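In what follows, a single structure is set out as structure tokens and then discussed.
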Amino acid sequence: MRKVPKFILIAISFLAIASIGSFGFQFYRARLSEVVLKKIDRLALRPPPDKTELEWAVNIYWTHNLHCSASPQIHASLAKLWEIDRHLDNLLAGAPNQSDVDKLWIRYEKLSDAGRRYSQRYKSKRDAIATEIAEQGMEYFDVDSYLDLLERDRRVDPLDH
């Protein structure tokens, strides 16, 4: 039987350890991304006094989509994702408003190219729909999408899962 050279065993060991570390890091980043998304959803239940519940749900719905489109579980540095997580903690501890949501969108623009592209493409659409919802209320043609967000978040505290 031929003996395996020592350097090959060392290389295989190194690759195995690096693979495990890489998988662990990716799992951690994906988990943090999921926690951040749940905190965004939780904002839907905290409308500011100057917005109707439905109008606020529009803003949070589109922010949820922004998070998913920015692909933080793949593209984000942990430092930037932690910054967003802390920002959301501050919002949830206080009284969030439209300016806070706009600042959150700016953070996502800086998070990844995908976040920047999504914001450029859909921020004005988000604002237009929020205005239509404010004017039309329950008569808005796609009101169910926004009501679903509110109902889902009322049934379950998103941070419990």
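Can you report the number of residues in region 83-106 which are of a type in the set (S, T, N, Q), exposed (fewer than 14 other Cβ atoms within 10 Å of the Cβ) and in contact with a helix residue (DSSP H, G or I) (Cβ under 9 Å, 6 or more places away or on another chain)? Reasoning before the result, please.
Keep residues of region 83-106 that are of a type in the set (S, T, N, Q), which gives 90, 97-99.
Of the ones still in play, those that are also exposed (fewer than 14 other Cβ atoms within 10 Å of the Cβ) are 90, 99.
Those left that are additionally in contact with a helix residue (DSSP H, G or I) (Cβ under 9 Å, 6 or more places away or on another chain): 90.
Number of matching residues: 1.
Write out, first by first residue and then by second, each pair whose Cβ atoms fall under 8 Å of each other, whose residues are 6+ apart or on separate chains, and whose first residue, in region 100-121, is closer than 14 Å to LEU88 by Cβ and at pLDDT below 95 while the second is of a type in the set (A, V, I, L, M) and buried (at least 16 other Cβ atoms within 10 Å of the Cβ).
The qualifying pairs are ARG107/ILE84; TYR108/LEU66; TYR108/ALA70; TYR108/ILE84; LEU111/ALA70; LEU111/ALA76; LEU111/LEU81; LEU111/ILE84.
Only residues that are farther than 15 Å from CYS68 by Cα and crowded, with 16+ Cβ neighbours inside 10 Å: list them for region 107-135, please.
Matches in region 107-135: ARG126, ILE129, ALA130, GLU132, ILE133.
Is one or more of the residues making up region 77-87 touching a residue at least 40 places away in the same chain (Cβ under 8 Å) and over 10 Å from the mean Cα position of the chain (by Cα)? Let's see the steps before the verdict.
From region 77-87, those touching a residue at least 40 places away in the same chain (Cβ under 8 Å) are 78, 81-82, 84-85; that's our starting set.
So of that shortlist, the ones also over 10 Å from the mean Cα position of the chain (by Cα) come out as 78, 82.
Checked against the condition, which is being touching a residue at least 40 places away in the same chain (Cβ under 8 Å) and over 10 Å from the mean Cα position of the chain (by Cα), region 77-87 yields at least one hit.
Quick grid of which residues meet (1) over 30 Å from TYR122 (Cα atoms); (2) modelled with pLDDT under 75; (3) buried (at least 20 other Cβ atoms within 10 Å of the Cβ):
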| residue | (1), (2), (3) |
| --- | --- |
| LYS3 | yes, no, no |
| GLY21 | yes, yes, no |
| ARG31 | no, no, no |
| LEU37 | no, no, no |
| ARG42 | no, no, no |
| PRO48 | no, no, no |
| ASN59 | no, no, yes |
| TRP62 | no, no, yes |
| HIS67 | no, no, yes |
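The values are calculated or read from the model by the stated rules, or taken from the named source; none is laboratory data. Predicted model only: the values in this text are computed from it and were never measured. Counting neighbours? That spans all protein chains shown, and the Cβs are built from the backbone with ideal geometry, glycine included.
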